[in-house]
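A.B. asks: Before we start, here is the structure in question, set down as structure tokens.
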Amino acid sequence: DTGVSQDPRHKITKRGQNVTFRCDPISEHNRLYWYRQTLGQGPEFLTYFQNEAQLEKSRLLSDRFSAERPKGSFSTLEIQRTEQGDSAMYLCASSPGYTSGANVLTFGAGSRLTVL
Amino acid sequence: GEDVEQSLFLSVREGDSSVINCTYTDSSSTYLYWYKQEPGAGLQLLTYIFSNMDMKQDQRLTVLLNKKDKHLSLRIADTQTGDSAIYFCAESTPVDDKIIFGKGTRLHILP
């Protein structure tokens, strides 16, 4: 297993366009998380899945954002009608849950979005 | 609500100990974590502590937890240039399983 993979690593788009990010978690991990990180800030929680079920979505998350994990494996995060304020690093993480004690997240390298 | 606070910067001379502090607000936090982010890289778990412990040591790393004051610290002994990174404190609760991160402390190593 190569860890958590995210694609694309960098996306430049014009304001108003839609973008989609993909995350492939560690195969035996049933939990998958999306975070957003802007410069000088910590990762901000967006949403998470247990298998294919989306269990929580941040209240800060606009309706333009949607995430799916249709078969409980990979996940996609789509942003519709992008705005310049959406420019950030989008981080995906997966975990096996609390099976080993703590809920340890393994992060991908992130997908950087630049909205012009 | 959940909130995690950290100071933003710390400068330490090479060979000295670094102490990075964190405060959190959620008294039901069960686990507290330290993650490290090096430039251009993803976050990596350094260590974590269960809330019924007050100390955990792992090689050069010592984590202290004061649950009464909701204060967590990470001590790095014999700080090296490779320790230069951003360190994030994070908490989790069993209620909703999301992990909440602080803004991170940037550790700068002076020669």
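A.B. asks: Select from region A:84-116 the residues that are assigned to a loop (DSSP other than H, G, I, E, B) and in contact with a Gly (Cβ under 8 Å, 6 or more places away or on another chain) and write down the one among them that is modelled with the lowest pLDDT.
C.D. replies: Only one residue fits best here, namely A:ASN103.
A.B. asks: Restricting region B:67-111 to residues that are over 18 Å from B:ILE49 (Cα atoms) and polar (S, T, N, Q), which is nearest to the other protein chains (Cβ to nearest Cβ)?
C.D. replies: Filtering first and then ranking leaves B:THR105.
A.B. asks: Within 10 Å of chain A (Cβ to nearest Cβ), farther than 15 Å from A:GLY42 by Cβ, touching a strand residue (DSSP E or B) at 6+ places or on another chain (Cβ under 6 Å) and assigned to a strand (DSSP E or B): is that true of B:TYR33 in this structure?
C.D. replies: Taking the combined requirement at face value, the residue does not satisfy it.
A.B. asks: Could you list, in sequence order, the residues of region A:1-25 that are under 24 Å from B:LYS98 (Cα atoms) and buried (at least 18 other Cβ atoms within 10 Å of the Cβ)?
C.D. replies: A:VAL4, A:GLN6, A:PHE21, A:CYS23, A:ASP24, A:PRO25
A.B. asks: Can you name the residue in region A:49-81 that is among the basic types (Lys, Arg) and in a loop (DSSP other than H, G, I, E, B) and is also surrounded by the most Cβ atoms within 10 Å (Cβ to Cβ) among such residues?
C.D. replies: A:ARG69
A.B. asks: Next question, about the same structure. Looking only at region B:71-93, decide whether some residue is farther than 27 Å from A:VAL4 by Cα, part of a strand (DSSP E or B) and more than 11 Å from the chain's Cα centre (by Cα).
C.D. replies: Checking region B:71-93: not a single residue is farther than 27 Å from A:VAL4 by Cα, part of a strand (DSSP E or B) and more than 11 Å from the chain's Cα centre (by Cα).
A.B. asks: If you don't mind, another one. For residues in region A:97-116 being within 12 Å of chain B (Cβ to nearest Cβ) and of a type in the set (Ser, Thr, Tyr), which is nearest to B:PRO39 (Cα to Cα)?
C.D. replies: Step by step, filter region A:97-116, then rank; the result is A:SER111.
A.B. asks: Check A:SER94 against each of (1) more than 9 Å from every other protein chain (Cβ to nearest Cβ); (2) exposed (fewer than 14 other Cβ atoms within 10 Å of the Cβ); (3) not charged (D, E, K, R) and name the one condition it does not meet.
C.D. replies: Of the numbered conditions (1) more than 9 Å from every other protein chain (Cβ to nearest Cβ); (2) exposed (fewer than 14 other Cβ atoms within 10 Å of the Cβ); (3) not charged (D, E, K, R), the odd one out for A:SER94 is (2).
Conditions (1) of a type in the set (A, V, I, L, M, F, W, C); (2) closer than 28 Å to B:THR30 by Cα, marked per residue:
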residue: A:CYS23; (1), (2): yes, yes
residue: A:SER27; (1), (2): no, yes
residue: A:THR47; (1), (2): no, yes
residue: A:ALA53; (1), (2): yes, yes
residue: A:SER66; (1), (2): no, no
residue: A:SER94; (1), (2): no, yes
residue: A:TYR98; (1), (2): no, yes
residue: A:SER111; (1), (2): no, no
residue: A:VAL115; (1), (2): yes, no
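A.B. asks: Confirm whether B:ARG60 is more than 14 Å from chain A (Cβ to nearest Cβ) and either surrounded by 15 or more Cβ atoms within 10 Å (Cβ to Cβ) or in contact (Cβ under 8 Å) with a residue 24 or more places away in the chain (or both).
C.D. replies: In short, no.
A.B. asks: Which of (1) surrounded by fewer than 17 Cβ atoms within 10 Å (Cβ to Cβ); (2) over 22 Å from A:THR106 (Cβ atoms) is the odd one out, the single condition B:LEU65 does not satisfy?
C.D. replies: (1)
A.B. asks: Hey, any hits in region B:5-22 for a residue that's among the β-branched types (Val, Ile, Thr), modelled with pLDDT of 95 or more and under 14 Å from the mean Cα position of the chain (by Cα)?
C.D. replies: yes
The values are calculated or read from the model by the stated rules, or taken from the named source; none is laboratory data. In this text the structure is predicted, and so the values were computed from the model without any measurement. Because the Cβ atoms are built from the backbone with ideal geometry, glycine has one as well, and the counts that use them run over all protein chains shown.
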